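Heads up, the thing below is written out as structure tokens.
The values are calculated or read from the model by the stated rules, or taken from the named source; none is laboratory data. As the structure is a prediction and not an experimental result, all values here were calculated from the model. Reconstructed Cβ throughout: ideal geometry from the backbone, glycine too, with neighbour counts over all protein chains shown. These accessible areas exclude ligands, DNA and RNA; they are computed on the full protein's heavy atoms, side chains included. Shrake-Rupley method; radii C 1.70, N 1.55, O 1.52, S 1.80 Å.
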Amino acid sequence: MLYNPTGLNECLREWEDLEKDYQQIQDTHRLYKQKLEEVTKLQDGCSTAIARHRKKLKELTTSLESCKENHPKPKLSPEDLDAIAEISDSIKDRTNAFSEMEAFLPKKNGLYLTLVLGNVNVTLLNKQSKFAYKDEYEKFKLVLTVILFVFSFTCRFLVSYRVLDALFNFLLVWYYCTLTIRESILISNGSKIKGWWVFHHYVSTFLSGVMLTWPEGALYQMFRNQFLTYCLYQSFVQFLQYYYQSGCLYRLRALGERHNMDLTVEGFQSWMWRGLTFLLPFLFFGHFWQLYNSITLFRMFQLPECKEWQVLMCGCSYMVLFLGNFFTTLRVVYQKYNQDKFKTL
């Protein structure tokens, strides 16, 4: 409970105490700004040193390759070849070490973040902040997945209004846009998510935006129930994936086999293989549902009454999602199967 002075003398004593506190606050803030400037100088110095060292390592790698290829007769001795191989391995290890260091140093944003946020430094400078942001990202996905499930169920079975459908599609656009921004920030902070699982969200954003602009009409109503049922199923599968992948990542991080910034994704990854008994059928069913949506839309586009460009764009988007999801999942499963088969030989 705060102390409330009543008499004049007490007020004067309280003011003197506040003056001392204010001086301490000023001194602390002055020290903070000084340390902040020192940290900024250290960051710049470290980034410059890493870039210079990386350039020298690249030049050394080229020189070693030249030595191996253009060395005069007699050929290099086994000792020399071993020394070159050892240096090459050390260079690879050092490159990985630099990547870990740069995860805690400010860096230029990629093209997407630059367009969205400008040249704002999004690098989080300590592990606690990185993990807190990653965990908040995971919670955001879970909460929005539940909201989208309820919303799609309401639109599909309870209420049939174009305005409500538009709100649902707007929510999808906002959700996927937010995911792409957050994932770009996580990648800048050392997350390993990359490739198709990043591009997948850009395609989903485009698809949701096209669905948002699709005007009310006979063709829209023809595809509406199929689309909402698909969204309902997709939210259900993403909910399963979140809990399954979170459990896998927790166990593997505890064993030191996964990076602490690894994320759950809308697909199958090699680290999910352990204990997998039920998830793949759900995933493949969802992939083929995307193919079914695409075929349905292409057939609708051939109808004489089809005038909306959204039909073709949505069909192409679903085909891209199917091809990317299906072949990425199939490739990971095939690689993991071959690895396990090789271990048993």
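Brief remarks follow.
- Overall dimensions of region 136-226 by Cα: Rg and Dmax, Å: 14.9, 48
- Exposure rank, largest accessible area first [92, 192; 1.4 Å]: 92, 192
- Summarising the amide proton neighbourhood of residue 123: residues at separation of 5 or more, or on other chains, whose placed amide H is nearer than 5 Å comprise 107.
- Positive-end residue of 95, 40, 78, charge dipole of region 33-133 with Cβ unit charges: 40
- If R0 is 30 Å, the Cβ-Cβ spacing of residue 121 and residue 64 corresponds to a FRET efficiency of close to 0.25.
- A simple spin-label model places the labels of residue 22 and residue 199 6.1 nm from each other, with each point 7 Å out along Cα-to-Cβ.
- Rounded to the nearest 20 debye, dipole of region 136-238 from Cβ charges on Lys, Arg, Asp, Glu: 140
- All aspartates and glutamates inside 14 Å of residue 33 as judged from Cα atoms, apart from same-chain residues fewer than 8 positions distant: none
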